Structure formats: C-alpha cells, structure tokens
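Down below is the structure, laid out as structure tokens.
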Amino acid sequence: MRAPVVLEAIIHACASALLALAGWRFSGGRVICLSAGIILAIWPPAIIGASRFLTETMTTLFISLLVLSASLIPQSRRNLQLYLSPLAAFIFGGTAAVLVLVKAALAPGTLLTIAAVSLVVLLAKVERRSLMVSAVTAAFGFCLFFAPWLMFTKIATGDFSLTSRRMPTFNIAAGLNPETDGYSALPETPLVKLFSEADGPAAVAYALYNINPGDFYGRMMRKPL
C-alpha cells in the first residue's frame, strides 16, 4: 500500500495549496490564506488521514477545488455585463461530480453549492452568450465524470445508481443506536442486528425515533459535542 499512501500525501499537499488559493480569492489577504493552507498541511488528523488510503483526503482536495473554481467563474465585466469563464465552469461541474462520487454524504451539500453559485450568477447580469456557454461546459464537465459511473452501475447491477451503496441502513442504525449512544458501529448490538439493508434508512430512523423520541433528540444534540 506504499504507492496509494504516497498518492494520498501528494493529494493532501495539493489540497493545502488549493485551500490557500481559495482563501486568497475570497479574502485577498496573503497572511490569512497562507495560514489556512499551512494549518491544513500540518493538522494532525489530516496527516493521520493521509497515511491511510481513505476518501477524506481526496474529499478535502475536491472541496477546495470546488470553492476555488466557483470563485473563478466570474471572469470579467465589460459594458456593465459579467462574462464567465467556461474553463472554470467546466472544472466546477467536473469537481462537483467527482465530489459526489468520492463522498456520497456530501451530495446534498454539493447540490446546494451548485444552486447557490447558479443563483449568484443569474442575479449578476451575465452576458447571455457567456452564460449559455458556461452552463453547457459545466454540465458537460459534470456528465463527463458522472456518466461512466452510471454506465458501470447499470452494467454491474442492472440498475442506475447515483451514489455508491455503502450500507446506508446500517450506518443509520449504528449512528442512532440508543444502546451505544450512536458512538460505536462494531461489534453490532442486538438492536442493530434487527435491521437489514432491505429495510431502508428512513424506516430505521423512524423506528429508532419511536422507541424514545426524547432520547432520540438528545442523542442528536450530543453528536456535535
């Protein structure tokens, strides 16, 4: 596993650099953006994560790239009209697709980011041709990375799957399990063993809520701590 770990280290370094660039785009302060990049580079959990072939390091890279590319979409303003960068829009769309594939839990947040960026652009009096070209390139970038995954899932399973199925029902059951206060996934407790992936995460969440609604809300409040 040395080669993947080396790759993770390179990805972590790139993520730190991209975070610094994104900070510079939003704040304009070199000290602030450089500090952000250095903090991520030397942050102990990030270094530990980069020493294992996990998705968290890649997720950090793509989040930074998504934010940076979003800031680069507005290219220039001429004659009171905003012109967009098709290249930045393409990178934004492609990064959004890869981010969803790497970390499916971030799909709602990624869609909200796309909606927020689209709303800001639409309210900025963008030149029509520039808007159309950038929208097409962003959609092409998204489909370029997402379409192969959809084709693979169709061939492999017979159905199209938007995200990888990483035992969502088990994750919900373990995360809401009152027997462990939602902190331990393994070994499985008797309550978690009552459910299977066929039940679906929503049904499991509702069942665990019905056991004790007050304890359910309390457990959710304790999770951030």
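Here are the numbers:
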read-out: Nearest 10 degrees, 0 to 90: helix 128-157 Cα axis against the chain principal axis; value: 30 degrees
read-out: FRET efficiency, 1/(1 + (r/R0)^6) with R0 35 Å, evaluated for K193 and I42 via beta carbons; value: 0.25
read-out: For the stretch 98-115, 3J(HN,Hα) per residue [Karplus equation, 6.51 cos²θ - 1.76 cosθ + 1.60, θ = phi - 60°, Hz, x = Gly/Pro]; value: 5, 4, 5, 6, 6, 9, 4, 5, 8, 4, x, x, 5, 5, 5, 5, 4, 5
read-out: C-alpha center-to-center spacing [the stretch 98-146, the stretch 39-82] in angstrom; value: 15 Å
read-out: ³J(HN,Hα), Karplus 6.51/-1.76/1.60, whole Hz, each residue of the stretch 186-191, x for Gly, Pro; value: 10, x, 5, 8, x, 5
read-out: Length added when fully stretched, I10-L34, from 0.36 nm per residue minus Cα-Cα; value: 6.8 nm
read-out: Three-way shape call for the stretch 96-140 based on the alpha-carbon gyration tensor, with the a/c threshold at 1.5; value: oblate
read-out: Helix 55-72 vs. the chain, principal-axis angle (Cα, 0 to 90°, nearest 10); value: 30 degrees
read-out: Exposure of L66 as accessible area (Å², to 10), given a probe of 1.4 Å and all protein chains; value: 10 Å²
read-out: Structure-based [θ]222 nm, the chain - -39500 (n - 2.57) summed over DSSP H runs of at least 4, per residue, nearest 500; value: -23000 deg cm²/dmol
read-out: Net charge of Cβ neighbours under 14 Å - reference S64; Lys, Arg +1; Asp, Glu -1; value: +1
read-out: Degrees, to the nearest 10: 30-42 long Cα axis against longest axis of the chain; value: 30 degrees
read-out: Accessible area of the stretch 69-225 divided out per residue, in Å², using a probe of 1.4 angstrom; value: 62 Å²
read-out: All Cα pairs of the chain, percent lying beyond 21 Å; value: 67 percent
read-out: Karplus 3J(HN,Hα) series, Hz, for the stretch 195-202 with 6.51 cos²θ - 1.76 cosθ + 1.60 (x for Gly, Pro); value: 10, 10, 4, 5, 6, x, x, 5
read-out: Other-chain or far-sequence residues with amide H under 5 Å of L82's (modelled H); value: V126, E127
read-out: Highest to lowest packing among 209-219, 182-192, scored as the average C-beta count within 10 Å; value: 182-192, 209-219
read-out: Share of carbon and sulfur in the accessible heavy-atom surface of the stretch 81-165 [1.4 Å probe, %]; value: 76 percent
read-out: Segments 27-36, 157-166, 95-104, 195-204 sorted - mean Cβ within 10 Å per residue, highest first; value: 95-104, 195-204, 27-36, 157-166
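The values are calculated or read from the model by the stated rules, or taken from the named source; none is laboratory data. Keep in mind it's a predicted model, so treat the numbers as computed, not measured. Positions of Cβ are backbone-derived with ideal geometry, glycine not excepted, and every protein chain shown enters the neighbour counts. For the accessible areas, the whole protein counts, side chains as well, though only heavy atoms, and no ligand, DNA or RNA atoms are used. Shrake-Rupley method; radii C 1.70, N 1.55, O 1.52, S 1.80 Å.
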